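The values are calculated or read from the model by the stated rules, or taken from the named source; none is laboratory data. From a predicted model like this one, the values you see are computed outputs, not experimental measurements. With ideal geometry, Cβ positions are generated from the backbone for all residues, glycine too; neighbour counts draw on all protein chains shown. Note: accessible area is taken over every heavy atom of the protein model, side chains too, but ligands, DNA and RNA are not part of it. Shrake-Rupley method; radii C 1.70, N 1.55, O 1.52, S 1.80 Å.
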Amino acid sequence: MAVTKIHAITATVDKAVAYICNPDKTDESIYISSYACAPETAAIDFKYTLDHCRENSPNKAYHLIQAFAPGEVSFEEAHQIGKELADKVLEGKYSYVVTTHIDKGHVHNHIIFCAADNMEHNKYHDCKQSYYRIRKLSDELCSEHNLSVIIPGGERGKKYNEWQADKNSAAWKTQIRKDINAAIKAEYTKSALKNGLN
């Protein structure tokens, strides 16, 4: 299972790339890959492409994060999935740096890519449809790698701790909900039985 999120970078691309390439987070830089740029010069490479862009937008780059469930994936496999996701989303048009951070309880990928493509110098269009496409591609890659996938359901609006507690069946709200549903079913069956006998 991987959760994805994306946000625009309007300044300090160099600091963002330096953060994701931190050797303490990437196992001494083992889990760093790039396409059409070098991690050390990505900010300069991005600027060159952006200077040729016709669109006037403050976005210089995008930062895509793909986080996996704790213990579900190895560092190597997570990094491979991150590269595959970047390749599928960006279709060989955008320069990017992908890193895998191994310093937390969950393995996660960071993908920073230029806001303008290298071919026609058009800006990446970040909208709901593009985000849904990212999420779909991430889910497809997780399925291909035999990882769990988040199944869309009617649980929108839950806080993470409530979702986690529901998952572990330990939340007091969950217990109350179960008790109410059981009481409703029991009342319904008693009424139906009573009315059926009359």
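Data for the structure
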| read-out | value |
| --- | --- |
| Subset of the stretch 124-136 that is in contact with a strand residue (DSSP E or B) (Cβ under 9 Å, 6 or more places away or on another chain) and not charged (D, E, K, R) - its residue that is most open to solvent (accessible area, probe 1.4 Å) | Tyr131 |
| Any hit, the stretch 66-83, residues being touching a residue at least 40 places away in the same chain (Cβ under 8 Å) and closer than 17 Å to Asn118 by Cβ | no |
| Failed item, numbered, when Glu72 is tested on (1) at pLDDT below 95; (2) more than 26 Å from Glu140 (Cβ to Cβ) | (2) |
| In the stretch 113-123, residue nearest to His7 (Cα to Cα) [restricted to those that are surrounded by 20 or more Cβ atoms within 10 Å (Cβ to Cβ) and in contact with an Asp or Glu (Cβ under 8 Å, 6 or more places away or on another chain)] | Cys114 |
| Residues of the stretch 63-88 that turn out to be open to solvent by 10 Å² or more (accessible area, probe 1.4 Å) and either touching an Asp or Glu at 6+ places or on another chain (Cβ under 8 Å) or not in a strand (DSSP E or B) (or both), as a count | 15 |
| Single residue of the stretch 99-156 satisfying the filter (over 24 Å from Pro39 (Cα atoms), within 13 Å of the chain's Cα centre (by Cα) and assigned to a loop (DSSP other than H, G, I, E, B)) that is modelled with the highest pLDDT | Val149 |
